[in-house]
1. Ranked from the most accessible area to the least, with a 1.4 Å probe and all protein chains present, what is the order of R3, R157?
2. By a straight-distance test (C-alpha under 30 Å), which lysines pair with K101 as possible cross-link partners, with residues fewer than eight away in the same chain excluded?
3. Normalising by the residue count of the range 44-162, find the relative contact order in percent from Cα pairs under 8 Å and 6+ residues apart.
4. Tell me, in nm to one decimal, what length is gained between A64 and E130 on full extension, where the rule is 0.36 nm per residue of separation less the Cα-Cα distance?
5. Which value, in Å², gives the accessible area per residue of the range 115-167 when a 1.4 Å probe is used on the protein heavy atoms?
6. Top to bottom by accessible area (1.4 Å), largest first, where do I4, I111 land?
7. Rounded to the nearest percent, how much of the accessible area of the range 106-162 (1.4 Å probe, protein heavy atoms only) is carbon and sulfur?
Amino acid sequence: MKRINILLVIIVCFVSCKGQNKQSVAQPLPEVATNFSSFGTEIGADKALNTSEMTLKYQNLGVADTISTKFSGTVLAVCQAKGCWMNVKLDNGSEAMVKFKDYGFFVPKDIAGKDVVINGLAFVEEMSVEEQKHYAEDGDESVAAIAAIVSPKKTFRFEADGVLVKQ
């Protein structure tokens, strides 16, 4: 009886281990093309809104409204202290200020003029005079430009969880 039990255990082990040698099918990674540098959460460049579509989305948002989206645009300015924020060009001379989720990553300080794809939350906010001056200082604005900031303004903001920078 003991030998039958041992034989039964060996057969069960053999049968259960037999299927483990199958090769797994490689899952396609998100579309991070080789001509992009990725920061934060890995995202793909596909299905990103263009600047016209994103500008329209922002115009339809009220203060404190939020939408989850992905869009592409051109970087106008980057924080020169750490790369902790950037401004991305929209249509009609407007721009979106992009910060990074939970201060979890930064972008290179030399990407002004480059195209980016950003993923995250878009919202509209009233920016105080003090905050405007702080960002102007980080962006290396002139003393005169900083002194000219005297009133709060409605701003398009974006909290990015992932950024692709085109090389």
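The values are calculated or read from the model by the stated rules, or taken from the named source; none is laboratory data. What you see is a predicted model; the values in this text were computed from it and never measured. Please note that ligands, DNA and RNA were not included when accessible areas were found on the heavy atoms of the full protein model with its side chains. Shrake-Rupley method; radii C 1.70, N 1.55, O 1.52, S 1.80 Å.
1. The residues order as R3, R157, largest area first.
2. Within the straight-line cut-off, K101 pairs with K47, K57, K70, K82, K89, K109, K114, K133, K153, K154, K166.
3. Numbers: 232 pairs, mean separation 35.8, N = 119.
After rounding, I find 30 percent.
4. So the extension gain works out to 21.8 nm.
5. 50
6. Working: I4 110, I111 5 Å².
Of I4, I111, the descending order of accessible area is I4, I111.
7. Details: 1570 of 2960 Å².
About 53 percent, which is the carbon plus sulfur part of the accessible surface.
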